[in-house]
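The values are calculated or read from the model by the stated rules, or taken from the named source; none is laboratory data. Just so you know, these numbers come straight off a predicted model, no measurement behind them. Cβ: placed from backbone, ideal geometry, glycine included. Neighbour counts: every protein chain shown. Heavy atoms of the whole protein, side chains included, go into the accessibility calculation; ligands, DNA and RNA do not. Shrake-Rupley method; radii C 1.70, N 1.55, O 1.52, S 1.80 Å.
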Amino acid sequence: MTDDGTGDNYTTQEHYKSEMLKLFTYASACYYNNTIFHRVVPDFIVQGGDPTGTGSGGESVYGQPFKDEFHSRLRFNRRGLVAMANAGPHDNGSQFFFTLGRADELNNKHTIFGKVTGDTVYNLLRLADVETDKDERPLNPHKIRSTEVSRSGN
């Protein structure tokens, strides 16, 4: 649930169960509660998952970075995809991002592990509708108030 009352639901990709487990472990532990979306690049991504809010913090549930996982059928070809943010190959921590459009340049660089579903994509677009500074940092960032892990009936 974000501070403006919107909730972002997403489904997970069966191909990346270990990535899903890492994110759900954090969500279950309330790791993301009260964190901000610290980076917004119009028509590209909205990034969060850093408890320091700086964009350079956050660590893996394992205490060290973990490996990327790619699948040839999962491509950055639409808005609403959820993926791990990293600083380079096999350097995943706690940060993640939502795509705001097609982003072919991210293929085989970031692990896709979910997608925004249904009308929730409109909430995602609201997260991107903020004024940013020259470093792509929102002047009034949206905040994740709370996280909840629930099991889908599918």
So Phe70, is it modelled with pLDDT of 90 or more and aromatic (Phe, Trp, Tyr)
no
The correct count of residues that are free of Cβ contacts under 8 Å to residues at least 60 places away in the same chain and outside any loop (DSSP other than H, G, I, E, B) in region 24-82 is 5
Pairs only if they're at least six apart or on different chains, beta carbon under 9 angstrom, first in region 122-150 and without any contact (Cβ under 8 Å) to a residue 12 or more places away in the chain and under 13 Å from Gly53 (Cα atoms), second aliphatic (A, V, I, L, M) and surrounded by fewer than 18 Cβ atoms within 10 Å (Cβ to Cβ); list them, first residue then second.
Leu139/Val130; Asn140/Val130
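Residues Thr132, Thr111: which one is more than 16 Å from the chain's Cα centre (by Cα) and open to solvent by less than 80 Å² (accessible area, probe 1.4 Å)?
Working: Thr111 fails: more than 16 Å from the chain's Cα centre (by Cα).
None of the other options fit; the residue is Thr132.
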Cβ-Cβ distance below 8 Å, separation of 6 or more or different chains: which pairs start in region 100-111 with a residue that is at negative phi and touching a residue at least 60 places away in the same chain (Cβ under 8 Å) and end on one that is in a loop (DSSP other than H, G, I, E, B) and exposed (fewer than 14 other Cβ atoms within 10 Å of the Cβ)?
none
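What's the total number of residues in region 114-129 that are of a type in the set (Ser, Thr, Tyr) and open to solvent by 60 Å² or more (accessible area, probe 1.4 Å)? Walk me through it before giving the result.
We begin by selecting, within region 114-129, every residue of a type in the set (Ser, Thr, Tyr); these are 117, 120, 122.
Narrowing the set further to residues that are open to solvent by 60 Å² or more (accessible area, probe 1.4 Å) leaves 122.
Number of matching residues: 1.
So which of Gly57, Gly88, Gly101, Gly118 ends up being over 13 Å from the mean Cα position of the chain (by Cα), more than 22 Å from His38 (Cα to Cα) and not charged (D, E, K, R)?
Values: Gly57 fails: more than 22 Å from His38 (Cα to Cα); Gly88 fails: more than 22 Å from His38 (Cα to Cα); Gly101 fails: more than 22 Å from His38 (Cα to Cα).
That would be Gly118, the only listed residue that is over 13 Å from the mean Cα position of the chain (by Cα), more than 22 Å from His38 (Cα to Cα) and not charged (D, E, K, R).
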Just wondering, is there one or more residues in region 44-65 that are surrounded by 20 or more Cβ atoms within 10 Å (Cβ to Cβ), among the aliphatic types (A, V, I, L, M), farther than 18 Å from Phe113 by Cα and touching a strand residue (DSSP E or B) at 6+ places or on another chain (Cβ under 9 Å)?
no
Would you mind stating whether Thr35 is farther than 21 Å from Glu148 by Cβ and either surrounded by 15 or more Cβ atoms within 10 Å (Cβ to Cβ) or among the basic types (Lys, Arg) (or both)?
no
